[in-house]
Amino acid sequence: TSLSRQRRDVFVTGTFHNSSDSSLKDEQQDVPEETALGVLHAVRPKTYLRNDLQGKPSRIRFIAQDFAACIPPEWSSIIGETENDSGQTIKGLDYARLSSVLWACCKNFDARLKAIEGN
């Protein structure tokens with residue numbers, strides 16, 4: 001028998017932590033802010049209706065293929081893949097990793113604002 005996947009909402013009262021200790025990470029390099037800005041400019045959030053969930057309201061999020069088309073190869077861990085019950089490959093996004101892209105964009109915007117304000 002095949003194991004059927006069930007989709008459910010998950011609510012967490014606590015928090016999730018990802019291992020992020022420096023001792024676990026070799027070859028650390030700063031993210032070029034211009035590269036992060038390129039991703040920010042290339043990808044737009046979308047509204048959509050999920051065709052695999054009946055009776056659900058319109059949603060807003062990103063499309064994984066939009067990111068796959070513009071991120072550098074060394075950022076490929078942002079995109080994940082799984083198979084659905086029909087054997088179709090489904091792409092997903094690691095939204096926690098996307099926060100690093102947004103952080104780099106914010107640092108760039110902050111530096112530009114400080115330059116305009118003369119700080």
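Being farther than 30 Å from residue 9 by Cα, aliphatic (A, V, I, L, M) and either open to solvent by 100 Å² or more (accessible area, probe 1.4 Å) or in a strand (DSSP E or B) (or both) is true for just one of 90, 116. Which residue is that?
Working: 90 fails: farther than 30 Å from residue 9 by Cα.
Sole residue among the options that is farther than 30 Å from residue 9 by Cα, aliphatic (A, V, I, L, M) and either open to solvent by 100 Å² or more (accessible area, probe 1.4 Å) or in a strand (DSSP E or B) (or both): 116.
How many residues are open to solvent by 80 Å² or more (accessible area, probe 1.4 Å) and farther than 17 Å from residue 34 by Cα when one looks only at the stretch 65-87?
Here is the first cut: in the stretch 65-87, the ones open to solvent by 80 Å² or more (accessible area, probe 1.4 Å) are 65, 69, 73-74, 81, 83, 85-86.
Next, only the ones that are farther than 17 Å from residue 34 by Cα stay: 65, 81, 83, 85-86.
Looking only at that region, the number is 5.
Of these, 6, 28, which one is part of a loop (DSSP other than H, G, I, E, B), open to solvent by 60 Å² or more (accessible area, probe 1.4 Å) and modelled with pLDDT under 95? It would help to see each step written out before you state the result.
Values: 28 fails: modelled with pLDDT under 95.
Among 6, 28, only 6 is part of a loop (DSSP other than H, G, I, E, B), open to solvent by 60 Å² or more (accessible area, probe 1.4 Å) and modelled with pLDDT under 95.
Could you check, for the stretch 49-63, whether at least one of its residues is open to solvent by less than 50 Å² (accessible area, probe 1.4 Å), under 18 Å from the mean Cα position of the chain (by Cα) and either over 30 Å from residue 26 (Cβ atoms) or among the aliphatic types (A, V, I, L, M) (or both)? Within the stretch 49-63, not a single residue is open to solvent by less than 50 Å² (accessible area, probe 1.4 Å), under 18 Å from the mean Cα position of the chain (by Cα) and either over 30 Å from residue 26 (Cβ atoms) or among the aliphatic types (A, V, I, L, M) (or both). If I filter the stretch 34-55 for residues that are modelled with pLDDT under 95 and among the aliphatic types (A, V, I, L, M), do I get at least one hit? So far as the stretch 34-55 goes, yes, one or more of its residues are modelled with pLDDT under 95 and among the aliphatic types (A, V, I, L, M).
Kindly evaluate residue 96 against the criterion of being touching a residue at least 40 places away in the same chain (Cβ under 8 Å), touching a helix residue (DSSP H, G or I) at 6+ places or on another chain (Cβ under 7 Å) and small (Gly, Ala, Ser). Judged against the criteria, residue 96 is not a match.
The values are calculated or read from the model by the stated rules, or taken from the named source; none is laboratory data. Quick caveat, the model's predicted, so the values are computed rather than measured. All Cβ positions, even for glycine, are placed from backbone atoms using ideal geometry, and neighbour counts span all protein chains on display. Remember, those area values only see protein heavy atoms, side chains included, never the ligands or the DNA or RNA. Shrake-Rupley method; radii C 1.70, N 1.55, O 1.52, S 1.80 Å.
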